[in-house]
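So the structure is just underneath, and the comments pick up after that.
The values are calculated or read from the model by the stated rules, or taken from the named source; none is laboratory data. Bear in mind that the values here come from a model prediction, so they are computed numbers and not experimental data. Don't worry about glycine lacking a Cβ; one is built from the backbone with ideal geometry, like all the others, and counts go over all protein chains shown.
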Amino acid sequence: MGNQTELRVVDGRRQRSERSRAAILTAALNLIDSGNYAPTTREIAQEAGVGLRSFFRHFEDMEALIEAIDQKMRQYYEPLFDRDFQAGELEARIEDTVIGLTDAYERLKNMMMITRVQLWRSEVLQKNYARNQNGLRKHLEKWLPELKGVPEANREAAHATASYETWDRLRRHQKLNIRQARNAMIAALSAVL
C-alpha cells in the first residue's frame, strides 16, 4: 500500500513539473507572439504563473529555453519550407517559390524577429540560424535547379533576394503590401536567372 502512495506522489510531482515546463514554453511563445522579442526570465515566469525558481529548475538559462522553443517550433516551421519540386516553366516556378517562401515568412515573422534581435548574444540562435539558412539554400536550389547553372554572383544574389531579410525590408521598411513585395522578389529572382 505504501509503495502505491509513493508512486502516486512521484507521478503527481512529475505531472506538475511537466505542466510547469509546458506553461513556461507557452508563456515565452505568447510573449514573443505579442511582439516582445526579448522577454526576460521574470516576464516569462510571471506570464506562466510560476516562480523564478521554478523557471530555473526547468531551464538552466535563456539558452536552454531558446533551445527548447526551437525543438518545439521546428516541427511546425520546417514543413513550411520543405516542399516538393514543381515541374513547369521557370516563370511559374519562381512565382510559386516566392509565394511559398513569403507565406512562411509572414506566418513566422515574430519568430524571425526574435532571432534577429537576439542573434548576436545567443549561440543557440546562431547555430539554429546557420542550420536554417543552409536548409533554405538547399530548398531554393531544389525548387529552382537553374541556380546551379548560373554564375556564383547570380546564385548568391538569388539567395539574398529569397531571404527573410529581403522580405522584411520590402514589407516593413519599404512599406509594400504582400502583392507588391512578392512582385519585387519575383522580378529580382527572374533578373538573376
Is there a residue in the range 28-35 that is more than 23 Å from ARG172 (Cα to Cα), surrounded by 14 or more Cβ atoms within 10 Å (Cβ to Cβ) and under 16 Å from the mean Cα position of the chain (by Cα)?
yes
Can you tell which of ASN110, ASN128 is within 24 Å of PRO39 (Cβ to Cβ) and surrounded by 17 or more Cβ atoms within 10 Å (Cβ to Cβ)?
ASN128
Going through LEU147, LEU170 one at a time, which residue ends up being touching a His at 6+ places or on another chain (Cβ under 9 Å) and of a type outside the set (Lys, Arg)?
LEU147
Kindly indicate which of GLN126, GLN118, GLN46, GLN75 is within 30 Å of GLU18 (Cβ to Cβ) and not assigned by TED's automatic domain parsing to the domain that holds ASP168.
GLN46
Of the conditions (1) surrounded by fewer than 17 Cβ atoms within 10 Å (Cβ to Cβ); (2) aromatic (Phe, Trp, Tyr); (3) in the same structural domain as VAL192 (by TED's automatic domain parsing), TYR105 satisfies every one except a single condition; which number is it?
(1)
Tell me the residue from ASN30, ASN36 that is more than 30 Å from ARG14 (Cβ to Cβ) and polar (S, T, N, Q), please.
ASN36
State whether the residues of the range 30-45 include one that is in a helix (DSSP H, G or I) and at pLDDT below 90.
yes
For the range 163-193: of the residues being in a helix (DSSP H, G or I) and of a type in the set (Ser, Thr, Tyr), which is surrounded by the most Cβ atoms within 10 Å (Cβ to Cβ)?
TYR164
I'd like to know if the range 139-157 contains one or more residues that are within 30 Å of LEU65 (Cβ to Cβ) and either of a type in the set (Asp, Glu) or surrounded by 14 or more Cβ atoms within 10 Å (Cβ to Cβ) (or both).
yes
Do you know which of the residues in the range 121-159 that are among the acidic types (Asp, Glu) and within 21 Å of TYR105 (Cα to Cα) is modelled with the lowest pLDDT?
GLU141
